[in-house]
Structures are given as C-alpha cells and as structure tokens.
C-alpha cells in the first residue's frame with residue numbers, strides 16, 4: 001500500500017478557542033493542509049454555531065462547512081484543572097488561534113506576552129472585530145455590524161435599499177487573513193526560530209476588500225452607486241431576463257465587445273452607433289432604456305439560445321444559479337471537486353478546497369461530535385482515567 005504524499009502542514013498542531021465563523025474557517029483551512037486542529041469547546045454546549053440551524057440531517061450548515069478534519073476537546077476554562085490542561089496542550093502546540101470576546105483570552109493568561117515567555121516558538125493569532133487596541137477595541141462585533149462599519153452596505157443593494165451580503169463576508173475575510181497570516185508566521189518561524197503575534201481585525205479585513213470603492217470615492221468624490229446585481233459603472237453588465245423565465249448575466253468590458261454584442265447577439269448592428277449608447281458612460285447613464293431593448297430582444301429566446309449566442313460571440317456570460325444549481329454545477333462535477341466527509345449525521349458531500357495541487361491531497365476528514373476527542377487528548381496530556389472522571393464530575397470537561 002502506497003504512503004500518502006506529505007501535506008504542507010503535517011506535524012503542525014493548532015489549538016483553537018473558536019466559535020461562529022472567522023476562527024473556525026481559518027483553522028479548517030489549516031486542517032485541509034494537514035495540520036492537527038484541536039477545537040476547544042464549552043462542555044455540554046460547544047461552539048454556538050452548532051445550534052444555528054438543523055439543515056444538514058440535523059447538523060448546522062455553518063458548522064459542517066467550517067469544522068471538518070478537527071478534534072473536539074471540551075474544557076470549562078473557568079475551572080483551574082481545565083485551564084491547566086489547556087496550558088499543557090499549548091506546550092506542545094505550534095499555533096494558538098482564538099476569537100473569544102475582547103480581552104477574554106488575556107484574562108485567562110493567554111495573551112501573546114504571557115505565552116511567549118513560556119513558549120517562545122508558539123504563534124498566537126487573535127481575531128476580533130476591531131483589533132487589540134484603539135477606541136473600538138472592546139466593542140462587540142458581528143458580521144452584519146462590520147459590513148455596516150466598513151461601508152459595504154453603503155454600496156451594496158438597490159438605490160432604494162442597502163443590502164448585506166448573502167454570506168458572512170466580514171467573517172470570511174477575517175478568517176482568510178488569519179489563515180494566510182498564520183502560514184506566513186510559520187514560514188517566519190522557520191527563519192527566526194520564534195513565534196509571533198498576529199492581530200486580525202474584521203474591520204481591517206473587510207476594509208481591505210473595500211479598496212476599489214474607497215479609491216473610487218477618493219478625496220470626497222461620489223461613491224459607487226448601489227446598482228443591485230448590475231455593475232455600478234459598466235453597462236450592460238448584470239442580470240437580464242430571458243423569455244423562458246431564466247436570467248442571464250452579461251459582462252461587457254469595452255467598445256469592441258459592445259459592437260459584437262449588438263451585431264451577433266441582439267442582431268441589431270445599428271444599436272452600436274446609437275448616440276444614446278455609443279460609449280460606456282452613455283450606456284450607463286441611459287441604462288433603463290438600454291435594458292428595455294435588451295430584454296425585448298431576449299424575450300423571444302430561451303436561456304440556452306441566449307447563452308449559445310453569447311458564447312459564439314465570445315461575450316462573457318453566466319447563468320444566475322440558485323443553491324440547487326451550484327450543488328449540481330457541471331463544472332464542479334467534471335473537475336471531481338466533491339468528496340464525502342463523515343459527520344455526526346453520517347457522510348455528507350463537501351467541496352475540496354480551491355487550489356488543486358498535484359503534490360498532495362487535501363485532508364477531508366470528519367466533522368467532530370462535541371467532545372468526541374476529549375478523553376483521548378487528556379490521556380495524551382498524562383491524565384489518568386481517575387483524573388478525567390474527576391474533571392467530568394465537576395463538568396470541567
């Protein structure tokens with residue numbers, strides 16, 4: 001039997017005091033690369049994301065997405081024996097990741113400064129809403145609130161109604177920067193021999209993703225208008241209804257494509273030189289009139305017919321899929337992007353991580369039950385059966 005190819009983070013241990021999305025998403029990606037991730041949860045309750053919903057055979061949708069390939073260790077960190085067990089665990093860890101309430105980790109002696117003195121190679125990554133200092137340091141932060149503070153709501157939605165993103169974009173942004181920052185810190189430790197402190201802010205993470213609209217509104221200029229699913233400055237670029245009830249997304253980038261679109265797709269070459277539409281700025285300003293003409297042209301066609309014309313003309317387009325369409329997407333199927341992973345509810349399908357690598361296979365192990373690995377991990381730390389039983393008796397584990 002052949003030995004599996006080594007993964008980039010084989011041999012790396014991550015201890016994560018995590019809940020909800022940002023830290024679990026970061027640690028799951030570390031697990032994808034082979035890291036051992038020990039998820040520390042509250043006894044009896046666990047990560048509160050476990051109870052968000054019951055959409056996946058009784059399991060929560062957020063939780064199954066962000067927690068595969070982890071071990072679950074329950075500890076009541078207000079109990080001295082449980083806190084000692086955590087400290088023992090950190091002695092053999094490479095990374096501590098946490099997104100507890102502001103200041104909570106430091107009050108338990110888990111600040112970078114306190115830990116670095118004892119474990120100089122340990123990398124500590126703190127995720128918070130606003131960062132470790134500044135006037136907003138202690139302010140509670142949730143995804144929607146950060147979308148608002150970062151200006152995301154101001155440019156998203158329709159002219160009448162600001163809208164949040166349909167997924168937890170601020171949490172995802174923070175999780176991604178935590179993930180990449182930890183990878184960078186591991187590389188740096190390989191050069192210096194020392195761990196470092198990473199301070200990831202949800203506001204700063206989403207703020208980075210807001211770079212284009214910020215610069216668009218540079219020095220008090222008007223910001224991008226809310227344009228629904230259309231582009232705020234380029235037209236036609238967005239959703240258009242088709243005669244069979246479908247919707248096609250168009251993406252025209254330049255004047256050459258505009259002329260081809262009029263000639264080959266709309267089959268109305270005269271429209272290309274219409275003075276209302278013969279430059280992008282004019283098309284954007286007169287988008288309501290142009291939309292009506294495009295929809296009228298598409299009204300006599302099916303979605304497949306419109307897509308065929310667009311593809312033949314090499315005009316960028318996409319179908320506006322729903323979740324069922326994404327589950328069944330032919331490209332994901334053709335590229336064999338699905339795997340089955342275990343869970344407390346049995347096997348469920350999961351997407352492989354982006355970035356197919358020919359040197360190794362991603363780790364795609366089970367989503368843990370609450371406290372599933374507690375006894376095994378405590379035994380690794382030298383606790384006897386009697387000591388574990390005593391901790392259980394006082395609900396420390």
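The values are calculated or read from the model by the stated rules, or taken from the named source; none is laboratory data. Since we're looking at a predicted model, the values are computed, not measured. Glycine gets a Cβ as well: all are built from the backbone with ideal geometry, and neighbour counts include every protein chain shown.
For this structure, a couple of remarks:
- Every test in (1) assigned to a helix (DSSP H, G or I); (2) crowded, with 16+ Cβ neighbours inside 10 Å; (3) more than 33 Å from the chain's Cα centre (by Cα) is passed by residue 282 save one, and that test is (2).
- Note on the range 110-138: residues that are farther than 26 Å from residue 187 by Cβ and either in contact with a helix residue (DSSP H, G or I) (Cβ under 8 Å, 6 or more places away or on another chain) or touching a residue at least 12 places away in the same chain (Cβ under 8 Å) (or both) total 5.
- Only one of the listed residues (126, 138, 53, 81) is at pLDDT below 95 and either more than 24 Å from residue 376 (Cα to Cα) or part of a helix (DSSP H, G or I) (or both). That residue is 138.
- For the range 285-303, a residue qualifies if it is without any contact (Cβ under 8 Å) to a residue 24 or more places away in the chain and either part of a loop (DSSP other than H, G, I, E, B) or within 22 Å of residue 232 (Cβ to Cβ) (or both), and the qualifying residues are 285, 286, 288, 289, 292.
- Here residue 228 clears all of (1) in contact with a strand residue (DSSP E or B) (Cβ under 9 Å, 6 or more places away or on another chain); (2) more than 30 Å from residue 62 (Cα to Cα); (3) not assigned by TED's automatic domain parsing to the domain that holds residue 151 except the condition numbered (2).
- Where strands (runs of 3 or more DSSP E) sit wholly within the range 310-397, those with at least 1 residues that are in the same structural domain as residue 167 (by TED's automatic domain parsing), touching a strand residue (DSSP E or B) at 6+ places or on another chain (Cβ under 8 Å) and without any contact (Cβ under 8 Å) to a residue 24 or more places away in the chain occupy 338-341, 348-351.
The rows are residues; the columns are (1) buried (at least 22 other Cβ atoms within 10 Å of the Cβ); (2) more than 30 Å from residue 323 (Cβ to Cβ); (3) touching a strand residue (DSSP E or B) at 6+ places or on another chain (Cβ under 8 Å).
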site	(1), (2), (3)
3	no, yes, no
25	yes, no, no
67	yes, no, yes
76	no, yes, no
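- If only residues of the range 84-107 that are assigned to a loop (DSSP other than H, G, I, E, B) and crowded, with 17+ Cβ neighbours inside 10 Å are counted, the one that is modelled with the lowest pLDDT is 102.
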